[in-house]
Amino acid sequence: MRTTIDIADQLFRKAKAVSSLKGLSLKQFITSAIEHELQGTRVRLERNRVSLPLVSSKHPGSVSVTSERIAALLEKEDIDVSS
């Protein structure tokens, strides 16, 4: 993958000189430095999962849940709460 980064001139010159002394290309040197820096670190890439409550049923699938029914129940709940 290609990317562009801004590196201070002095740091760039030092990295280029050290990579040359080690017989590495600048790309190899920077890749190695990044790999070294990332060793032992774990990056969490998963999103936080949400646990929803499960309700057991004696007759699974017997209740039809639609967005209209949910909206009506929420509206009824609002009326009951405000009364």
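The values are calculated or read from the model by the stated rules, or taken from the named source; none is laboratory data. Predicted, not measured: the structure shown is a model, and the values here were computed from it. Using ideal geometry, Cβ is built from the backbone for each residue, glycine included, and neighbour counts are taken over all protein chains shown.
Side notes on the structure shown:
- Residue in segment 51-61 that is modelled with pLDDT of 90 or more and exposed (fewer than 10 other Cβ atoms within 10 Å of the Cβ) present: no
- Of all the criteria given as (1) of a type in the set (A, V, I, L, M, F, W, C); (2) under 30 Å from THR3 (Cβ atoms); (3) at pLDDT 75 or above, the one not satisfied by LEU45 is (3).
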